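Values quoted throughout were computed directly from the atomic coordinates according to the rules given, and no laboratory measurement underlies them. Just so it is clear, the structure is predicted and the values come from calculations on it, not from any experiment. Neighbour counts run over all protein chains shown; Cβ positions are idealised from the backbone, glycine included.
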Amino acid sequence: MHPVAREALLASLEDGWADPDRLYASGRRARRLLEAAQAATAEVLGVRPDELSFWPSGTAALHAGVLGGLAGRSSKGRTLVHSAIEHSAVLHAAAHHGDAVEVGVDLLGRLDLDAWATRVKAPGVALAALISASHEVGTVQPVAAAAELCAEAGVPLLVDGAQTVGRAPVPRGWGLLTASARKWGGPAGVGLLVVRKGVRWRSPYPGDDLYRPRPQGAADVPAIVAAAASLRAAADEAATEAVRLSALVDRIRETVTRTVPDVEVVGDPVERLPHLVTFSCLYVDGEALLHALDREGFAVSSGSSCTASTLRPSHVLEAMGVLSHGNVRVSLHRGTTSDDVDRFLAVLPRLVERIRAEAGM
Amino acid sequence: MIEIDCRGQRCPLPVIALARRMAEAEVGDVVRVLADDPAAANDIPAWCRLKGQEFAGSPDASVFDVRKIT
């Protein structure tokens, strides 16, 4: 957690505990904190405070954005167009809705814009959804071009900005935007949904205000205050951090290719997130590698099927057609040092070699 | 055609078996892999791309043909 988030959370626990919808004094204090957090967040995002709502998680914000965006346009059409590399929250919302069309990506994980153009211009499209950058392989998506094609077709675009908000400006042209506070070092349990003026949204849930997004139940004001404070801090540090982390990612990309035989570093080497790098090692069990790295003190993720509850490989790696076994995703953060990266790079080759030897390779 | 039965095996085992068998095969040979792990349909073509071999198609679910070209 970002130290600013921790400070803000502790400072607002007392005054932010009350229900901000109540009219007594403590409720009004909580309401003032909530409104200040809303205004501060909206300012960082460059949107109006009344366009922004807080949700219990990034996943909840995505479900509300996708299903509410579709419901708001139900008189125009039913179809959701989305990329094949969306967060699973979008895929689950799409499956729940039932009428969805997927647009593929190339080997680097970049959206097929020609197919996107054809799909969003087809009749009956209610909403399009695109992730700002792949959360699994880091490839930045052509959001501005995709948004322009949506505008030509008169279809609102939802951008899942979880990987970008707090790190870099999100390109304009979207109608709905979602993000997750944890991704910028904020507390768990705060998601954002922005619905621009002029974009119709209708609640897909039971509730008394159908046209203005707001989650059910009382807001977690201290967590929202911490999210707002840390978003500003992260955005202020973003440019410097991007340069530092991007150089570390370059070092990992270059060294892994050189020191580990039969490895495929995946995702776009240039048009990528500054802090994320993913590679797959041939003949290696991803789960075994993840645990071996964990024992060395490295917390990494994997898109390999053996590490998933579903025992299916990552849908992102599948959509790209890159190797899914032996997959490791390294996500760097503000606490990651150059020494940490060097130590990771020093232990990785022998761990991979040992796992391969155990498999007889 | 050379056939290897990897049904019931989890990835990367089918790909390891394929790599071993391909090392012994002659150029032009086709190795047929029977594999029902959900990752095989993705990882066998990806292996071919990385190793410069030809993925000769999947005539049926859980059946993957690879032709040795180098």
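Tell me the label-point distance for the pair residue B:5, residue A:271, using the 7 Å Cα-to-Cβ offset, in nm and rounded to one decimal.
4.7
Using alpha-carbon pairs under 8 Å, 6+ residues apart, how would you state the relative contact order of chain A in percent?
In percent, rounded to a whole number, it is 19.
Under 5 Å between amide hydrogens, which residues at least 5 positions from residue A:101 or on another chain qualify, with H placed 1.01 Å from N in the peptide plane?
Residues meeting the criterion, in which the H sits 1.01 Å from N, are A:80, A:81, A:82.
Compute, for the protein assembly as shown, the length of the dipole vector about the Cα centre, with Cβ point charges of +1 (Lys, Arg) and -1 (Asp, Glu) only. Units Debye, rounded to 20.
The calculated dipole for the protein assembly as shown is roughly 1060 debye.
How many Cβ atoms of partner chains, on average, are near each residue of A:353-359 if near means within 10 Å of its Cβ? Each step should come with its number before you reach the end.
Details: counts 0, 0, 1, 2, 0, 0, 3.
Other-chain Cβ atoms within 10 Å of each residue's Cβ, averaged: 1.
As a check on your grasp of the helix formula, calculate [θ] at 222 nm for the protein assembly as shown: sum -39500 (n - 2.57) over DSSP H runs of n ≥ 4, divide by the residue count, round to the nearest 500.
It comes out at -13500 deg cm²/dmol, rounded to the nearest 500.
Whole-Hz ³J(HN,Hα) for each residue in the range A:282-298, computed from phi via Karplus 6.51 cos²θ - 1.76 cosθ + 1.60 with θ = phi - 60°, x for glycine and proline: what do you get?
4, 6, 10, 7, x, 5, 4, 5, 4, 5, 5, 5, 4, 5, 8, x, 10
Let me confirm one metric for peptide A:263-270, namely the mean number of other chain beta-carbon atoms within 10 Å of its residues' beta-carbons.
Across the residues of A:263-270, the mean count of other-chain Cβ atoms within 10 Å is 1.
Normalised by the number of residues in the range B:2-67, what is the relative contact order in percent for Cα pairs under 8 Å and 6+ residues apart?
35
Report the residue, chosen from A:162, A:61, A:39, that carries the largest GNM mean-square fluctuation when chain A is represented by alpha-carbon nodes joined by springs under 10 Å.
Between A:162, A:61, A:39, it is A:39 that shows the largest mean-square fluctuation.
Classify the range B:2-67: rounded, prolate or oblate, from the alpha-carbon gyration tensor (a ≥ b ≥ c, eigenvalue square roots; a/c under 1.5 rounded; otherwise prolate if a/b is larger than b/c)?
Numbers: a/c = 1.43, a/b = 1.40, b/c = 1.02.
Rounded.
Averaged over peptide A:290-300, how many Cβ atoms belonging to another chain are found within 10 Å of each residue's Cβ?
Average per residue, whole number: 0.
Going by how many other Cβ atoms sit within 10 Å of their own, how do A:4, A:330, A:266 line up, fewest first?
The fewest-first ordering by Cβ neighbours comes to A:4, A:330, A:266.
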